[in-house]
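Beneath this line is the structure, given in structure tokens, with notes to follow.
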Amino acid sequence: MTLDTSDAAGHSGGVFLFRSRTSALRINAQHMSFSPTLALTWEMIVLGAVALAFSLTALLHLLTHHRDHRSAGFWVALIVFSPVVGACLYALLGINFVRRKGRDYREAIGVVYRQPAPDCPLFIHGEPESAVNDCALATTLDRISRFHFASGNRVEILENGDEAMPAMLEAIRAARSSVSLSSYIFEAHGIGSEFVRELVSAGARGVEVRVIVDDAGTRYSWPPVTRELRRLGVPVRRFMPNRLVMRLITLNLRNHKKLLIVDGAAAFTGGMNIRQGNMILQNPPHPVRDLHFRVTGPVVEQMQRVFAEDWQFCAGEPLEGNAWFPKLQPAGATHALGIVDGPDEDIEVMPAALFASLNAARSRVCIITPYFLPLSHLMAALKLCSLRGVEVMIVTPARNNIPLVAWAARTLYPELVKTGCRIFESPPPFDHSKMLLVDDAWCCLGSTNWDPRSLRLNFEFNLACHDPDLVRRLSAVFEKKRAESVEVTTAMLAETPLRHRLRNGFASLFIPVL
């Protein structure tokens, strides 16, 4: 019997080949098992290097730019213990883009306008002690502001849109040379359509008209009023227009000023926007109470200067000449000073002015504000006022148009009430008025609210006024609002339900950006 060795050999060779291939596969598998580990190691090294670079960059920026040491400590801890996430969050939320944009604004209009320094403003009283105290506060405010006190002004109080809007429309109708209008919100319908009509009419008869509306304020109605004014030939600009992501980054960098200057001689300012909700007697769907003021006299030039700076920034056009800056004559007995505040060269000017005013108070402080979230040093000043015997009264809405603000504000009530400050919550409709009265002669009027957004993040304009008669008239307005309000007591605060305390505590976490 003959064996076929070829088959055997072939089978043997096949077995050998199979075993060789199996061994090769094992070796390859072993090599392959090391490759992902090696690649992962390099990826970790690269990620670690990137994280270290991000962290170091964030820490360097933090140490050289951050001004608030309390929040700086929080950011340092977050960046160190969570390098990538912490650095990214710091880039999005920790860097003050507002101040950077504010510098862009200031650089665009050149050197800030400053009046020549005057002699110490002296206010004469029958009481020498009052004269000394008032002169000290006047000197402080005069040095804080880039304007100086102007004598011989008149300030008229206009309650709600029912008084303010007709007076403003009549002033535009009577304009002969120029109209400057700046508003945070300017609706194109309702009472706003009447403003559009009068502005177009003024331009048609040869009056120089310029209008600024904040970019965020144009979104409160559709179509935006800027589109309608442009279509009708009125020179109009949006203040700092932004799109997409930039709208979120610069959410608070808004022009909150309310200014109307006619012929450079008569002006209106305060807290009132141009919207139908202010027309209380017309029963609008969302009524808003407010205060506005008609101003005549030399201080109007300061108001026109503020508008001219904003217009040059928005349009690149300087406003000069008699049409905009005529020679102004005395019109009353009010000493007035324009105070400009914003996240640029004027940053934290208004908080300093409020602090100085509270520190100077000897008998009484009265505050009306729609949003009451004072900065920490203003909280301390209010409590110290009360502790040294000054009567402190604050009126703020019971039902706010921004609930988060009202909830956060209620976390501040206990420490103020404990020291003797009296807080009153006014009933609906929502009261958007802003006013500070100090003793019997000082008041502050304008667009600034007592919240971080207004005091640090927006562009604002206010008038500091010394006039006992004006303060008497404003005190009557304050007392009327206080009489219809409900006082917040320690008993009420103690009875706050737990769910509301938790809600309010959560809202208070957002105070720095409210």
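Tabulated data for the structure shown
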item: Unique residue being open to solvent by less than 10 Å² (accessible area, probe 1.4 Å), farther than 25 Å from SER177 by Cα and at pLDDT 95 or above when the list is ILE280, ILE339; result: ILE339
item: Tally of residues being surrounded by fewer than 22 Cβ atoms within 10 Å (Cβ to Cβ), assigned to a helix (DSSP H, G or I) and in contact with a His (Cβ under 9 Å, 6 or more places away or on another chain) across the stretch 158-168; result: 2
item: Filtered residues of the stretch 197-214 (kept if crowded, with 21+ Cβ neighbours inside 10 Å and free of Cβ contacts under 8 Å to residues at least 60 places away in the same chain); result: LEU199, ALA202, VAL209, VAL211, VAL213, ASP214
item: Exclusive hit being in contact with a strand residue (DSSP E or B) (Cβ under 6 Å, 6 or more places away or on another chain) and either buried (at least 17 other Cβ atoms within 10 Å of the Cβ) or without any contact (Cβ under 8 Å) to a residue 60 or more places away in the chain (or both), set LEU387, LEU437; result: LEU437
item: Filtered residues of the stretch 437-478 (kept if more than 19 Å from ALA409 (Cβ to Cβ) and of a type in the set (A, V, I, L, M)); result: LEU437, VAL438, ALA441, LEU445, LEU463, ALA464, LEU470, VAL471, LEU474, ALA476, VAL477
item: Only listed residue being closer than 30 Å to ASP214 by Cα, open to solvent by less than 20 Å² (accessible area, probe 1.4 Å) and touching a helix residue (DSSP H, G or I) at 6+ places or on another chain (Cβ under 9 Å), chosen from PHE478, PHE459; result: PHE459
item: First in the stretch 296-313 and farther than 18 Å from VAL155 by Cβ, second anywhere and surrounded by fewer than 21 Cβ atoms within 10 Å (Cβ to Cβ) and β-branched (Val, Ile, Thr), Cβ under 6 Å, 6 or more apart; result: GLU309/ILE109; GLN312/ILE109; PHE313/ILE109
item: Qualifying positions in the stretch 288-307 - of a type outside the set (Val, Ile, Thr) and open to solvent by 10 Å² or more (accessible area, probe 1.4 Å); result: ARG289, ARG294, PRO298, GLU301, ARG305
item: Matching residues in the stretch 169-190 - criterion: being open to solvent by 10 Å² or more (accessible area, probe 1.4 Å) and either touching a residue at least 60 places away in the same chain (Cβ under 8 Å) or of a type in the set (Phe, Trp, Tyr) (or both); result: ALA171, ALA174, ARG176, SER177, TYR184, GLU187, HIS189, GLY190
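The values are calculated or read from the model by the stated rules, or taken from the named source; none is laboratory data. Values in this document were obtained by computation on a predicted structure and should not be read as measured data. Positions of Cβ are generated from backbone atoms using ideal geometry, with glycine treated the same way; all protein chains shown enter the neighbour counts. The area values use the complete protein model at the heavy-atom level, side chains included, leaving out ligands, DNA and RNA. Shrake-Rupley method; radii C 1.70, N 1.55, O 1.52, S 1.80 Å.
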